[in-house]
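Structure first, commentary second.
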Amino acid sequence: MAAIAVLKNSMLKPSLCRFAGTVNAAVFQKYGNPTNVLRRQKVQLKDVSKNDVQLQMLVSSLSRYDMDVVLGKNPQPFTFPMIGGNEGVGVVQKVGEQVSSLKEKDTVMLIRPYKGTWAEQMVVSENDVLPVPEGLSAESCSVLLNSAGIAYRLLNDFVSLKSGDVVLQNDASSTVGLAVIELCKARGIKTVNVVKDCGKGKNDLCQPANQVGGDVVIRESQLQSNDFQKILSDLPAPTLVLNARGGAVMTGMSAQLRKGVVVTYNETTQSPFSVSASMLMSGDICLKGFNMNEWLSGASVQDVKSMVDELAELVKSDKLHLGVKKTQFSELEKLPLTHLCPCFQTYVQSMDQ
């Protein structure tokens with residue numbers, strides 16, 4: 001499941017929402033443990049300029065990536081105080097005089113990073129949002145970019161994959177990893193999926209990857225086993241290898257590779273991995289990296305729309321699943337934010353006032 005924050009417009013008084021000068025937001029003054037540094041407080045809503053739109057927020061993601069920003073992992077050049085939140089969906093309340101693509105009461109999704117979506121209202125540029133695709137819920141749109149969107153870019157931007165190819169990935173029970181499995185399944189691409197050695201019973205991290213159709217699912221402790229080596233030898237060599245763990249996990253996976261493109265998009269172990277010079281010389285291995293926020297910052301609105309529309313069709317046809325776990329915005333400071341449940345889930349918060 002992906003985590004979102006549901007900000008219910010119906011819980012806010014329209015007369016106050018529309019003309020509010022200050023609004024409630026989740027703010028942090030410095031990097032640190034989200035439980036310690038995140039606080040709900042009033043912030044000043046900026047004026048709507050000629051190219052801006054004012055939004056009444058409905059839904060905002062509350063994911064592991066959001067928590068990493070607050071923790072200061074891969075710090076961005078923020079000016080504190082900073083409002084948290086990357087993704088979100090809102091209703092247009094007011095438009096600037098030169099805004100032509102949107103009108104009041106349109107429901108839109110944020111498509112640029114670090115805009116501060118953990119707020120009751122916000123003012124952003126017309127080019128920072130995209131109308132929500134018809135038939136797709138606000139909740140699904142709110143978690144789309146940093147889960148399925150990352151998976152989509154990883155599978156489309158580095159190699160030309162075809163039916164029958166093999167993708168090998170670690171952190172496969174994460175929201176991105178699960179989306180990779182489902183997108184591959186829709187295209188006839190096989191997946192070999194490595195999950196963390198944690199969880200038992202219903203929390204076993206093998207379960208989510210198996211449930212969405214992973215062809216092979218193993219634990220990290222099995223990477224050096226004969227069984228894993230046999231699995232790889234029985235399949236075509238992986239065309240694409242996706243790394244979100246780093247450290248000893250990726251080092252162990254790398255030792256089994258002879259060819260393929262390795263793309264790193266996260267490093268949850270906070271440790272580097274190693275590939276020997278002999279492996280690079282004797283094999284055909286290419287190392288690359290990907291950052292979704294950088295892609296979103298530079299992509300055109302049309303490029304983002306094309307991706308969102310394709311993913312929306314998969315969601316509506318039940319080939320891609322984006323789950324949510326709801327909570328209240330007023331409960332934000334009470335959540336175990338540094339341990340956002342199993343990594344295949346995330347919280348949702350309802351905005352209240």
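Just so it is clear, none of the values below were taken in a lab; they were calculated from the coordinates. Owing to the predicted nature of the structure, the values given are computational and were not obtained by experimental measurement. Using ideal geometry, Cβ is built from the backbone for each residue, glycine included, and neighbour counts are taken over all protein chains shown.
Counting other Cβ atoms within 10 Å as a rough exposure proxy, the listed residues 150, 83 run 83, 150 from fewest neighbours to most.
Grab the other residues whose beta carbon is less than 14 angstrom from that of residue 215, score K and R as +1, D and E as -1, and report the net. Local charge sum for residue 215: 0.
Per-residue Cβ neighbour counts within 10 Å put 195, 23, 241 in the sequence 23, 241, 195, beginning with the fewest. The Cα center of segment 241-291 and the Cα center of segment 117-155 differ in position by 30 Å.
When peptides 242-251, 105-114, 86-95 are sorted by average Cβ neighbour count within 10 Å, with the highest value leading, the order is 86-95, 242-251, 105-114. Note on segment 158-289: dipole from Cβ charges, positive end direction compared against 269, 226, 178; the farthest Cα belongs to 178.
The dipole here belongs to segment 121-242: it is taken about the Cα centre, uses +1 on the Cβ of Lys and Arg and -1 on the Cβ of Asp and Glu, and is about 380 debye. Over 19 Å apart at the Cα level, from the set 190/319; 50/94; 94/316; 185/326; 103/326; 230/259, are 94/316; 185/326; 103/326.
Peptides 115-127, 181-193, 224-236, 38-50, ordered by how many other C-beta atoms sit within 10 Å of their residues on average, highest first, read 115-127, 181-193, 38-50, 224-236.
Counting neighbouring beta carbons within 10 Å and listing from fewest to most, the residues 79, 264, 175 come out as 79, 264, 175.
Diffusion coefficient (Stokes-Einstein, Kirkwood radius over C-alpha pairs, 20 °C, 1.002 mPa s) for segment 158-289: 146 µm²/s, rounded to a whole number. Computed log10 I(q)/I(0) for segment 27-130 at 0.12, 0.14 Å⁻¹: -0.40, -0.53, from the Debye equation with unit scatterers placed on every C-alpha and solvent omitted.
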